Amino acid sequence: MVPVTKEYGFSTQQIHAGHLKNSAGALTSPIYQSSTFVFDNAQQGANRFAGEEDGFIYTRLGNPTEQEIELKLAALEGAEAALFTASGMGAISATMHTFLQSGDHVISSEVVYGCTHALFDEGLRKYGIDFAFVDTTKTDAIVKNIKPNTKMIYIETPANPTLDISDIQAIAAIAHEHDLLFVVDNTFCTPYLQRPIELGADLAVYSATKYINGHGDVVAGAGTGKQDMIDQIRMVGLKDMTGSVISPFDAFLVNRGMKTLSLRMDRHVQNAQKIVEFLESEAKVQQIFYPGNPNFAGYAVAQQQMSQPGAMIAFDLKGGRAAGEKFINSVELMSLAVSLGDAETLIEHPASMTHSTYSEADLKQAGISQGLIRVSAGLEDAADLINDMAQAFAKLDTVIPVS
Ligand code: 3LM
């Protein structure tokens, strides 16, 4: 393996960290498209199963193509270890299944990705795990909800889709004072913009489908943290409980994607900032949700814990849902699609799409309005994106405002 140390910068590490030498000397690592690995003899097989000897056994337990991206992500995060899964939901499920049991209580951000909310509120409740969904941007709301059986604090920051910012360092202090596991979904940032582990979280989880892979051609997930916790997730939540293993081919694509993470993120953020500037000048916009806006509620904390404000934007139009629908039907260059972090700019309607798992009451509590539109700024020329939005705004003139 190329010796990559902390002295190398992020962009050097995203290319070189984790690279494993191969017998042919190929610069680009081969795809180990193999489900199983051959032992030299019975003793070696037994030793590997007993954890007394390093080496691969079976791809659900680990694979060299997967190992390479795990070493890379751990290096980028400044974490001891990482693991990849078949999806972001796979990483979150494997984490919850590993550390929680019936009778436990979890405090979660009230604004989280829709399927995360469904996993917690419907899926895990079936197994006797209780959840309090609270506004984690307010640390006193967290403290108030701690019970004797609370085991974990789970947050998304920035949260999907309202971009709510929760203070990672402050929550880490609360979690550790009360001996609670602290998990942060860092999907919207990646380690290039925010490092939850360095800020005190125990685990960071990711939908690697998004910026980490970055090309819209893979569904994958990841987790980072201390070696013993990642080992537990691998051997319990991943191997035995969810089986949510990433395929070697997808791991290869993620490796290719990660080599340009910093370049892509810089451009995503630049484009987002230009889009936000444009939205600010547009009279039909009611409210903009963007962590880089000085008048955004989470601005100060975002400045403190994120190196850049990210490339996810949400906004409400003055005409509410009717205007929003007309707007997303009118864009021509932007793609009307869920997901985020792709080269293409994506636009969607959270209440009816990514967060349709929320009940009306939960949407209200979380502040996800019917008129909210979410944009994932892509890598196109900003001027083209702005022109596209301008022509879509022009078409709104024909909308009759809802009373
Ligand atoms: C979306 N989000 O469009 P996968 N954590 C966060 C996420 O945003 C997501 C996951 C976890 C979207 C997916 S909606 C049907 C498409 C913050 C996914 C889950 O399992 O890799 O999709 O990650 O907001």
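Computed from the coordinates by the stated procedures, all read-outs in this text should not be read as laboratory data. This structure is a prediction, so every number in the text was calculated from the model and none was measured. Every residue, glycine as well, gets a Cβ built from its backbone with ideal geometry; the counts of neighbours run over all protein chains shown.
Sparse packing (at most 12 other Cβ atoms within 10 Å of the Cβ) combined with a DSSP loop state is found for the following GluC sites (Glu not before Pro) in region 3-104: Glu7, Glu52.
Contact order normalised by length for the chain, with contacts defined as Cα pairs under 8 Å and 6 or more residues apart; what percent is it? Please report the intermediate quantities before stating the final value.
Details: 807 pairs, mean separation 68.0, N = 403.
It comes to 17 percent, rounded to a whole number.
In the chain, the calculated helix contribution to ellipticity at 222 nm averages -10000 deg cm²/dmol per residue, counting -39,500 (n - 2.57) for every DSSP H run with n ≥ 4.
Any chance you could run the full-extension gain for Asp231 through Asn149? It's 0.36 nm times the residue separation minus the Cα-Cα distance, nm to one decimal.
Numbers: separation 82, 0.36 × 82 = 29.52 nm, distance 2.45 nm.
Gain on extension, Asp231 to Asn149, equals 27.1 nm.
Close amide H partners of Leu379, meaning residues 5 or more places away or on another chain with modelled amide H under 5 Å apart, are Glu344, Thr345.
Fewest Cβ neighbours within 10 Å first, please rank Ser102, Ser247, Ser23, Ser339 accordingly.
Numbers: Ser102 10, Ser247 19, Ser23 6, Ser339 16.
In order of increasing Cβ crowding within 10 Å: Ser23, Ser102, Ser339, Ser247.
With a threshold of 26 Å on the Cα-Cα distance, the over-threshold entries among Lys72/Lys210; Lys126/Lys239; Lys21/Lys72; Lys126/Lys151; Lys138/Lys274 are Lys138/Lys274.
Taking neighbour Cβ counts within 10 Å as the exposure measure, how do Met334, Met389, Met353 sort from fewest upward? Could you put the intermediate results ahead of the total?
Numbers: Met334 25, Met389 22, Met353 15.
In order of increasing Cβ crowding within 10 Å: Met353, Met389, Met334.
Each Lys or Arg adds one and each Asp or Glu takes one away; over the other residues whose Cβ falls under 13 Å from the Cβ of Tyr358, this sums to -4.
Multiply the residue gap between Gln303 and Gln169 by 0.36 nm, knock off their C-alpha separation, and tell me the result in nm, one decimal place.
Details: separation 134, 0.36 × 134 = 48.24 nm, distance 1.30 nm.
Taking Gln303 through Gln169 to full extension adds about 46.9 nm, to one decimal.
Using Cβ contacts closer than 10 Å as the measure, can you line up Ser11, Ser244 from fewest to most? Please report the intermediate quantities before stating the final value.
Values: Ser11 15, Ser244 23.
The most exposed by this proxy come first: Ser11, Ser244.
Centroid-to-centroid, using Cα positions, region 1-77 and region 352-386 are 38 Å apart. For Phe182, the amide hydrogen comes within under 5 Å of the amide hydrogens of Ile153, Asp202, Leu203, counting only partners 5 or more places away or on other chains and with H modelled in the peptide plane. Taking 0.36 nm per residue of sequence separation and removing the Cα-Cα distance, the Gln270/Phe49 pair yields an extension gain of 74.7 nm.
Here, P(r) means the percent of Cα pairs in each 10 Å bin from 0 to the largest distance; for region 10-258 it is 8, 32, 35, 18, 7, 1.
Estimate the FRET efficiency between Glu380 and Asp40 by the formula 1/(1 + (r/R0)^6), using the beta-carbon distance for r and 45 Å for R0, to the nearest 0.05.
On the way: r = 52 Å, r/R0 = 1.16.
My answer for the efficiency is 0.30.
Taking amide H positions as modeled 1.01 Å from N, with prolines and chain starts lacking one, the residues under 5 Å from Asp130 and 5 or more places away or on another chain are Gly103, Asp104, His105, Val106.
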